[in-house]
Amino acid sequence: MSSLNDRFLDYCKSNGFEVNQGQIQIIKQFENFKDKYLDSSFLDIFKNKKEKKLGIYLHGDVGVGKTMLLNFFFNSLQIKKQRLHFNEFMIKFHDFKFNNSNQDKIIESFVKELKKDLNLIYFDEFQVTNIVDAMILGRLFQEIFSQNIFVFFSSNIKIENLYKDGLQRDQFIPFIKIINRHCVELDLSIDNDYRLEKGGTERFLSPLNSTNNFKANKFFREITKNKKLERKIFKIKGRNFEVENFYDGIIRLDFKDLCDRNVGAEDYIEIANNCSFLFIENVPNFYENNSNQQQRFIIMIDILYEKNIPLLITSEINLNEFNSSQSLKDVFKRTISRLNELTSVRYL
């Protein structure tokens, strides 16, 4: 059987991807991880328990190919596995906790249920922003690793810098120690952001003026031609999210409807699951005084990217001229990169 490296080179060639030496080195480390840990027998696991690594944590700047590499490796593995957005995973945990509130050991029970279906979980673009999640992650992932479930992470952030400057970060330190102990940390360093090279952002329209409003309306008429207008109501845990402009999966919403209200990951997941194209109008610039809205926007774009939902956006500010609240500055770089792709002429 050909090596993982050879198959990766064939994969790049067939897809017209540029081969980068930094990515080749990561693939070689993936293959080493597979040989040393994933393919170990259960006897090997117990004999070498202290040395056993159960995770890969791949970090690097935005748009350098982390997702492409981990997707390739993940798809090559013939084991029980699932790729999840981290927000979806935590919603799954909190739902389990709510539905099993009479149990004493919720975390242990949740992980045992996971183990029935999975030997590997993959979190792409991992980040933590929620204090509630931060406080339980140490115990949750300690149990995941105790059950010999493998975990892959991709992230823009080094392990030691996760949840940096977050509220009550001392509660998060146990999780960092657990990840350091159980994961192989890999760094992918490449100068280019490949997402920025894919094409122009013809569907990111700024500033907010009559010309761009005309362009947005023209595109909207074209893409919804012969589609029936409906008023859609998404029911999310006992509350309603109303969409006035729903055309057979094409949705048009204002930024205020999506990010000014008390909405979150569950709402965005429900929208993405019922959406084939999303118009987001009137996106503002971001500062310290609207950091909550910026946080929701970041979460939303991550979910839309994960679900492959193309966008048209109108905004008061050019895509590459956005400001940011200080605490979200690094994370927002990924959002900008993903918006470049989701509004690209090639992404439709």
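The values are calculated or read from the model by the stated rules, or taken from the named source; none is laboratory data. Everything numeric in this text was worked out from a predicted model, so none of it was measured. Here Cβ is always computed from backbone atoms with ideal geometry, including for glycine, and neighbour counts include all displayed protein chains. For the accessible areas, the whole protein counts, side chains as well, though only heavy atoms, and no ligand, DNA or RNA atoms are used. Shrake-Rupley method; radii C 1.70, N 1.55, O 1.52, S 1.80 Å.
Here are a few things to note about the model shown:
Here's the yes/no breakdown for (1) at pLDDT 75 or above; (2) in contact with a strand residue (DSSP E or B) (Cβ under 7 Å, 6 or more places away or on another chain):
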position: N161; (1), (2): yes, no
position: K164; (1), (2): yes, no
position: Q168; (1), (2): yes, no
position: P174; (1), (2): yes, no
position: E185; (1), (2): yes, yes
position: Y194; (1), (2): no, no
position: G199; (1), (2): no, no
position: F204; (1), (2): yes, yes
position: P207; (1), (2): yes, no
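- Count of residues meeting criterion [in contact with a helix residue (DSSP H, G or I) (Cβ under 8 Å, 6 or more places away or on another chain) and assigned to a helix (DSSP H, G or I)] in the range 256-266: 5
- Scope the range 304-327; condition surrounded by fewer than 22 Cβ atoms within 10 Å (Cβ to Cβ), assigned to a helix (DSSP H, G or I), modelled with pLDDT of 90 or more and within 18 Å of the chain's Cα centre (by Cα); matching residues: none
- Scan of the range 148-185 for residues that are surrounded by fewer than 19 Cβ atoms within 10 Å (Cβ to Cβ), among the polar types (S, T, N, Q) and in contact (Cβ under 8 Å) with a residue 24 or more places away in the chain, ordered by number: N148, Q168, Q171
- Count - residues of the range 254-283 that are touching a Leu at 6+ places or on another chain (Cβ under 7 Å) and of a type in the set (A, V, I, L, M, F, W, C): 4
- Checked against (1) assigned to a strand (DSSP E or B); (2) open to solvent by 60 Å² or more (accessible area, probe 1.4 Å), Y122 passes all but a single condition, namely (2).
- Members of the range 78-119 found to be surrounded by fewer than 17 Cβ atoms within 10 Å (Cβ to Cβ), of a type in the set (A, V, I, L, M, F, W, C) and assigned to a loop (DSSP other than H, G, I, E, B), listed by number: I79
- Positions within the range 279-296 being buried (at least 23 other Cβ atoms within 10 Å of the Cβ) and either in contact with a Gly (Cβ under 6 Å, 6 or more places away or on another chain) or in a helix (DSSP H, G or I) (or both), in sequence order: Q294
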